[in-house]
Structures are given as C-alpha cells and as structure tokens.
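Engineer: If you scroll down you'll find the structure; I have some questions about it.
The values are calculated or read from the model by the stated rules, or taken from the named source; none is laboratory data. Keep in mind the model is a prediction, meaning the values are calculated, not measured. Surface accessibility is based on the protein's heavy atoms, side chains included, excluding ligands, DNA and RNA. Shrake-Rupley method; radii C 1.70, N 1.55, O 1.52, S 1.80 Å.
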Amino acid sequence: MTLELTWDNDDHTCLLMTFDQLWSWAEVRRIVRVGAVMLNDGNTHPVDIILDGSRTITLMKSDTHVHTRQILANVRQHPRVGRIVVVGSSAITNSFLMVFLRVAAGSINEDYLFFGTLEEARQHLTDNPTIP
C-alpha cells in the first residue's frame, strides 16, 4: 500500500495520512473516503489531519490543481475536519501547494499549516489544541 491512514493519537484528535514513494490520486480519493468513516466513528470534536510526505519523492503530480480542488471540497465539507497539516515536503512544493490551496480553498489561513518534520507538526498541534 502506498498510502496509509491511521489515528495519530489515542484521543482521536488527529489523523495521519502517510504518503509512500509511489501513490496515485485514486488511492488518495479512497483514503479520503476511509477518513470520512473514521471521522464519523464516535467523534464529536474537531480532528486535525497530518499529510506526511516525508517518505515520497513529491506531493506534486500531474493535474494536482484539479485533484486538490476536488478533494479539498470533499474534506472541508466534513464538520469535524480541523486543521490540515503538510509535513516533509520541500520549500518549492510547499509554495506550489500554498498557491493551489489559495485557488482551491479561496484563502490560506490557520487551518493549513506546513512543517518540516512530523515531530514539529505534532508539537505544534499539542501546544495549540483545537479542543476547548
């Protein structure tokens, strides 16, 4: 499997989507559907999503703008989705993703975060919880 989706903590406040070397947009769409089921499984609080691209060559693929727009539209409609955190991608990839997010989502705000490592992302989410 080239994509993996797991709970990143025992409190079920964060999902971790890990991209491996080879992945496809079809697999991303499948994982998003699995994530929706996980979000609906007894959660009543916001759930952050970490997209860990540290093990892949790139998070950029052909037609990224089209797929990003479609997937974000589905993900953002879910009432329990909190912040979306991108980890492990290059500065150039982050710049492109910010542009795509701005176009797809209409703006970049505190709901989209970028970190170099998974540990940095986890620390930030721990230090700045979305649960009151």
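Engineer: At 0.36 nm per residue, and after removing the present C-alpha to C-alpha distance, how many nm does the segment from residue 120 to residue 21 gain when stretched out fully? Can you show the working numbers first?
Structural biologist: Numbers: separation 99, 0.36 × 99 = 35.64 nm, distance 2.17 nm.
Separation in residues times 0.36 nm, less the Cα-Cα distance, equals 33.5 nm.
Engineer: Over all alpha-carbon pairs in the range 1-48, figure out the percentage whose distance exceeds 16 Å.
Structural biologist: Details: 424 of 1128 pairs.
Result for the distance tail: 38 percent.
Engineer: Ok, one more. Determine the order of 25, 7 by accessible area, beginning with the largest, at a probe radius of 1.4 Å. Can you show the working numbers first?
Structural biologist: Values: 25 40, 7 65 Å².
Accessible-area ranking of 25, 7, largest first: 7, 25.
Engineer: To the nearest 10 square angstrom, what accessible area does residue 38 show with a 1.4 Å probe?
Structural biologist: Around 30 Å² of this residue is reachable by solvent.
Engineer: With every protein chain left in place and a probe of 1.4 Å, what is the accessible surface of residue 78, to the nearest 10 Å²?
Structural biologist: Its heavy atoms expose roughly 30 Å² to the probe.
Engineer: Sorting 13, 126 by accessible area (1.4 Å probe), largest first, what list results?
Structural biologist: Order by accessible area, largest first: 126, 13.
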